[in-house]
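To start, the structure itself, in structure tokens.
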Amino acid sequence: MAMPPEPESVPTDVWSDVSNRLRQARLAKRVTLRTLAGRIGVSPSLISQIETGKVKPSVNTLYTLAVELDLSVDEVLFGGELAATEAVRETDVAVCVQRAGARASVELGPGVLWERLTGASEAGVDFLSLVYAPGSESAPKGTSHRHRGREWGYVISGTLQVDVAGSTHVLGPGDS
């Protein structure tokens, strides 16, 4: 019988920060590992491994943790700190310019890259660029994830299969 693959190890500081934010949010809510695990349908051991930085969560688990802990995905991944931005004054309006090379980014799995498009987290908003390489996915086949809010997308090249409320849609270049 084949053994299941070992979870991917997490050597980067980004994931250490994510792990710490998740743990702090859980502790602030006074929720035990066992209780949180039961609420989201995973083992307490997995939550512990995520919080200690031994494994990184799947996109599905990340969304589920964020929702359960009342955090945005942006807050979980990047915290509230400011990224490198340029504050520009145009009349009485402050404009925040986010340069492509200065974006905070994180690789969520093989072929899954998320980048923050804002200089800092904003309550209720996840303004992110999500890039999925061919064959990559946000949730294992036959599963889905739910979260608060809405998502907008625009396909630049290739195709993207989106499953929403039991309906499958295949989007191509220019579709949104």
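Remarks
- Accessible area per residue (1.4 Å probe, heavy atoms of protein chains only) ranks T159, T64, T168 as T159, T168, T64, with the largest value leading.
- Rough spin-label spacing in nm, given labels placed 7 Å along Cα→Cβ, for V97 and D163: 4.3
The values are calculated or read from the model by the stated rules, or taken from the named source; none is laboratory data. Remember, predicted model here, so these are calculated numbers, not experimental data. FYI the Cβ positions are ideal-geometry reconstructions off the backbone, even for glycines, and counts take in every protein chain you see. Note: accessible area is taken over every heavy atom of the protein model, side chains too, but ligands, DNA and RNA are not part of it. Shrake-Rupley method; radii C 1.70, N 1.55, O 1.52, S 1.80 Å.
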